[in-house]
Amino acid sequence: MYLPKFFIERPESSEEAATLLKVQGGSHLMAGGTELFPRMKYGLCSPEIIVSLKGSKVLEPRITAGGTLMLDPKMSLTAVTTSPEIHEKVPLLTMAAGRVATREIRNMGTLGGNLCQETRCLYFNQKHTFQFREPCFKRGGGICYFIPKGNKCWAVFMSDLAPALFCLDASASIVESGGVRQIEIDELYTHDPLKPISLNQDEIITKIMIPNKEGPSGSGFAKFTMRGGIEFAGVNVAVNLAAEDDLTTCKKARITVGAVSEGPQRALEVEVFLEGKNLSDDVLNTASQKISQSLKIVPHHGYSKGYLAECLKIQTKTALTDARKAIIGTTGEK
Ligand SMILES: Cc1cc2nc3c(=O)[nH]c(=O)nc-3n(C[C@H](O)[C@H](O)[C@H](O)COP(=O)(O)OP(=O)(O)OC[C@H]3O[C@@H](n4cnc5c(N)ncnc54)[C@H](O)[C@@H]3O)c2cc1C
Ligand code: SF4
């Protein structure tokens, strides 16, 4: 499979990139290209002009006087996994980034690109001519091959890093050709499988901000894949628990589930269930059993809804147990 022909622009700043995207019709932003290029090879998009972020400098992670961790979305996923600042402040992000694909893809792929990837479906992420005559909804047509009786698209959003950032209460700074705005990380997602990211074509994420955490806390990230290899998640779960000074009572819980619907989902009911409770085995078991009750689970990539619901319980227990362990310092996290 070959890439279609395109022109490439390498502006030296995000502001210049946003202006180029605005004035040049048929252009598309690119960071590492690991997600965009395969889509172009499959004919899922064909920008005439690619505006690459590779011309501008990548800033190192920085901690402000108030303790906020500032990240440049252009940093590679390898840089996320190896940054001492990230590991120290938010080990959850290190864990999630370390579970993405392979070292080669993590070397090329970026934090911003991971957050802004397209939704995926077995019937979509391949050449149109492979087996179809009529385009499906996501290709601009009027049918769905996955669930033919339905009248909608069921593609799922499979980023591993987005659920982690939800649990860390992150926010993002967005540059557009007309200025700058800030959004909470959950505002980045539309939960529409046809257009999962809320950004306009000329908008670029230029900063990810993660607020300081106070008091003891611990996190866990668990991901189910069939083969345990270079695979997108069947389901992933990120957990961040803040504890009272006794290190056993849950003060605040954040649990976010990814890869089973059009966008990351906070498990709000389970978060409320955990808050104020002693983090005993029984409580973690009950929380894990409750998790799939209140969430939308879409079957995908050969996994049935029931199977994913069971996997989700197991992964939640793993992530919660790791988070509890981290609180009491077994893994060195405080
Ligand atoms: C074989 C393979 C396996 C993979 N496995 C996993 C996995 O297990 N888990 C997982 O989470 N992901 C996985 N991925 C996806 C991977 O995370 C992404 O390919 C990578 O993170 C995308 O980063 P990139 O810089 O290459 O994005 P690009 O391909 O450059 O861009 C992807 C999209 O994001 C947009 N974008 C990029 N940066 C910004 C920005 N700063 N602001 C706004 N929009 C932006 C682009 O316009 C484009 O639409 C896999 C990909 C491959 C090819
Ligand atoms: S789920 Fe969406 S992408 Fe997959 S075949 Fe149906 S319409 Fe196409």
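The values are calculated or read from the model by the stated rules, or taken from the named source; none is laboratory data. Note that the structure is a prediction, hence the values are computed from the model and not measured. Reconstructed Cβ throughout: ideal geometry from the backbone, glycine too, with neighbour counts over all protein chains shown.
The single condition from (1) more than 9 Å from ligand 2 (Cβ to nearest atom); (2) closer than 27 Å to Val237 by Cα that His128 fails is (2). Ala162 meets all of the listed conditions (1) of a type outside the set (S, T, N, Q); (2) assigned to a loop (DSSP other than H, G, I, E, B); (3) surrounded by 20 or more Cβ atoms within 10 Å (Cβ to Cβ) but one, namely (2). With respect to Arg103, determine if the residue is of a type outside the set (S, T, N, Q), touching a residue at least 24 places away in the same chain (Cβ under 8 Å) and within 30 Å of Lys152 (Cα to Cα). It is false that Arg103 is of a type outside the set (S, T, N, Q), touching a residue at least 24 places away in the same chain (Cβ under 8 Å) and within 30 Å of Lys152 (Cα to Cα). If you filter the range 3-39 down to residues that are over 15 Å from Gly55 (Cβ atoms) and aliphatic (A, V, I, L, M), you find that the one that is modelled with the highest pLDDT is Leu36.
To keep it simple, each residue is scored yes or no on (1) β-branched (Val, Ile, Thr); (2) buried (at least 20 other Cβ atoms within 10 Å of the Cβ).
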| position | (1), (2) |
| --- | --- |
| Gly67 | no, no |
| Met70 | no, no |
| Leu77 | no, yes |
| Thr82 | yes, no |
| Glu85 | no, no |
| Lys89 | no, yes |
| Glu104 | no, no |
| Thr129 | yes, no |
| Cys136 | no, yes |
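Beta carbons closer than 9 Å, at least 6 apart along the sequence or on distinct chains, pair a first residue in the range 60-71 that is polar (S, T, N, Q) with a second that is part of a loop (DSSP other than H, G, I, E, B) for Thr64/Asn212; Thr68/Pro211; Thr68/Asn212. Set side by side, the residues Thr82, Thr110 differ, and just one is hydroxyl-bearing (Ser, Thr, Tyr), under 21 Å from Val156 (Cα atoms) and away from ligand 2 (no atom under 16 Å from the Cβ), which is Thr110. Only residues that are over 25 Å from the mean Cα position of the chain (by Cα), among the basic types (Lys, Arg) and either in the same structural domain as Ala259 (by TED's automatic domain parsing) or modelled with pLDDT of 90 or more (or both) were counted in the range 135-164, giving 0.
Only residues that are modelled with pLDDT under 95 and of a type in the set (Gly, Ala, Ser) were counted in the range 165-223, giving 4. Every condition in (1) at pLDDT 95 or above; (2) of a type outside the set (Asp, Glu); (3) over 22 Å from the mean Cα position of the chain (by Cα) is met by Lys305 except one, and the failing one is (3).
Considering Glu271, Glu244, Glu310, Glu275, the condition of being of a type outside the set (Lys, Arg) and under 22 Å from Glu187 (Cβ atoms) is satisfied by Glu271 alone. Against the test of being surrounded by fewer than 16 Cβ atoms within 10 Å (Cβ to Cβ), touching a residue at least 12 places away in the same chain (Cβ under 8 Å), more than 16 Å from ligand 2 (Cβ to nearest atom) and within 19 Å of Leu111 (Cβ to Cβ), the options Ser46, Ser56, Ser13, Ser52 yield a single qualifying residue, Ser13. Taking the range 213-246 as the range and being more than 16 Å from ligand 1 (Cβ to nearest atom) and among the aromatic types (Phe, Trp, Tyr) as the test, no residue passes. Pairing residues of the range 145-166 that are charged (D, E, K, R) with residues that are near ligand 2 (Cβ under 8 Å from one of its atoms), at Cβ distances under 8 Å and at least 6 apart in sequence or on separate chains, gives Lys152/Phe137; Lys152/Cys144; Lys152/Pro193.
Within the range 227-256, the set of residues being in a strand (DSSP E or B) and polar (S, T, N, Q) comprises Asn236, Asn240, Thr249, Thr256. Of all residue pairs spaced 6 or more apart or on separate chains, those with beta-carbon atoms under 6 Å, a first member in the range 290-311 that is outside any helix (DSSP H, G or I) and a second member that is modelled with pLDDT under 95 are His301/Leu122. Do we have Ser173 as of a type in the set (Ser, Thr, Tyr), near ligand 1 (Cβ under 9 Å from one of its atoms) and either under 24 Å from Ile86 (Cβ atoms) or touching a His at 6+ places or on another chain (Cβ under 8 Å) (or both) here? So Ser173 does not fit the description; no.
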